[in-house]
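Everything below concerns the one structure shown next.
The values are calculated or read from the model by the stated rules, or taken from the named source; none is laboratory data. Note that this is a predicted model, so its numbers are computed, not measured. Every residue, glycine as well, gets a Cβ built from its backbone with ideal geometry; the counts of neighbours run over all protein chains shown.
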Amino acid sequence: MRFLSILFIIPAMFFSYNDALTFIPVTIKGVVLDTTTNKPVANAYVYIVKGEEESLTDKNGAFSIETWQHLPLLLTVQQANAAVKKIKVITANPTLRIYIKTDKN
């Protein structure tokens, strides 16, 4: 029984309270807008370069992505008729406003 106690205590000694806090998920929210018209861009593909977190913008251009990755991270926005845009995200607040130029204009 004493051996089992040691097996659980020793690994816990290697992790501090601050280490535990780094595993809190981060939610990145934003809106994608057209640079010319300032209108929302629907169905834009928004994703984090490292990882599998992704989202599509809604009809209001809004998106939300939850990730366990540490900030800063690289966010990419793609839309069928627009250039790819990459943004470095250093904080989860405030809501991001991302402008892309679409070919609809």
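Structure values in brief
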{"read-out": "Given (1) within 22 Å of Ile24 (Cα to Cα); (2) in a loop (DSSP other than H, G, I, E, B), index of the condition Ala42 fails", "value": "(1)"}
{"read-out": "Residue within the range 77-90 that is at pLDDT below 90, surrounded by 12 or more Cβ atoms within 10 Å (Cβ to Cβ) and within 20 Å of Val26 (Cα to Cα) present", "value": "no"}
{"read-out": "Among residues of the range 73-105, those that are under 21 Å from Thr36 (Cβ atoms) and hydrophobic (A, V, I, L, M, F, W, C), counted", "value": "9"}
{"read-out": "Flag for Leu33 being part of a loop (DSSP other than H, G, I, E, B), of a type in the set (A, V, I, L, M, F, W, C) and either crowded, with 18+ Cβ neighbours inside 10 Å or under 10 Å from the mean Cα position of the chain (by Cα) (or both)", "value": "no"}
{"read-out": "Extreme residue, surrounded by the fewest Cβ atoms within 10 Å (Cβ to Cβ), among residues of the range 91-105 that are β-branched (Val, Ile, Thr) and more than 11 Å from the chain's Cα centre (by Cα)", "value": "Thr95"}
